[in-house]
1. When you scan the stretch 62-74, how many residues do you find that are open to solvent by 50 Å² or more (accessible area, probe 1.4 Å) and either assigned to a loop (DSSP other than H, G, I, E, B) or in contact with a helix residue (DSSP H, G or I) (Cβ under 7 Å, 6 or more places away or on another chain) (or both)?
2. Does residue 13 satisfy the condition of being open to solvent by less than 90 Å² (accessible area, probe 1.4 Å), modelled with pLDDT of 85 or more, of a type outside the set (S, T, N, Q) and over 18 Å from residue 129 (Cβ atoms)?
3. Specify the residue that is surrounded by the fewest Cβ atoms within 10 Å (Cβ to Cβ); the eligible residues are those in the stretch 75-124 that are closer than 19 Å to residue 36 by Cα and of a type in the set (Phe, Trp, Tyr).
4. Hey, can you tell me all the residues within the stretch 34-60 that are modelled with pLDDT of 85 or more, open to solvent by less than 70 Å² (accessible area, probe 1.4 Å) and closer than 25 Å to residue 124 by Cβ?
5. Consider residue 6 carefully, then state whether it is open to solvent by 50 Å² or more (accessible area, probe 1.4 Å) and either in contact (Cβ under 8 Å) with a residue 60 or more places away in the chain or more than 22 Å from residue 131 (Cβ to Cβ) (or both).
6. With the checklist (1) closer than 21 Å to residue 87 by Cβ; (2) at pLDDT 85 or above; (3) open to solvent by less than 60 Å² (accessible area, probe 1.4 Å) in hand, flag the one item residue 30 doesn't pass.
7. Going through the stretch 9-56 one residue at a time, which ones are touching a residue at least 60 places away in the same chain (Cβ under 8 Å) and among the acidic types (Asp, Glu)?
Amino acid sequence: IVLFGFVATASDALGIGVALSLNLLQEYYGALQAKRAMWLGFGAAILYVILSALHCAYIPGIADVTQVHFLALLTPMPRIIAASLVSFVISQTIDRHLYAALKRAWAGKYFIIRNYCSVIVTQLIDTILFSFLSFFALTMRFI
């Protein structure tokens, strides 16, 4: 997508929005609620993997010309979702602790700065972890 003149993936905006949402939950409702929301997202991703596997298991009708495309899209999803979940849980756990430490250090002031600092660090961690975990197995096949 083009976002404010920059080319980005749609998941970039989603990832930053999720991190901001969890930080806002932690700011106004506490770390426990942010943790609960994080695990709710985790459960939703697991449900997506299960439903995708069920979709791939269907035997298409004789007139169906789309199943081959669904298989191409959904077959690698368990590995990619697993990598995403691992990196999500690790990065959001770090974000929760980093955000709490910044909140204590700045006595609850400067929400925007605290949020940006924690999001920048944790999105970097998330990107590196996800890239390594999701594509490592792919590159190992060609070595």
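The values are calculated or read from the model by the stated rules, or taken from the named source; none is laboratory data. In this text the structure is predicted, and so the values were computed from the model without any measurement. Cβ atoms come from the backbone with ideal geometry, glycine included; neighbour counts cover every protein chain shown. Note: accessible area is taken over every heavy atom of the protein model, side chains too, but ligands, DNA and RNA are not part of it. Shrake-Rupley method; radii C 1.70, N 1.55, O 1.52, S 1.80 Å.
1. Qualifying residue count, the stretch 62-74: 7.
2. The answer is no for residue 13.
3. So, considering only residues that are closer than 19 Å to residue 36 by Cα and of a type in the set (Phe, Trp, Tyr), the one surrounded by the fewest Cβ atoms within 10 Å (Cβ to Cβ) is 88.
4. Of everything in the stretch 34-60, those that are modelled with pLDDT of 85 or more, open to solvent by less than 70 Å² (accessible area, probe 1.4 Å) and closer than 25 Å to residue 124 by Cβ turn out to be 34, 37, 38, 41, 42, 44.
5. no
6. (1)
7. Of everything in the stretch 9-56, just one residue is touching a residue at least 60 places away in the same chain (Cβ under 8 Å) and among the acidic types (Asp, Glu), namely 27.
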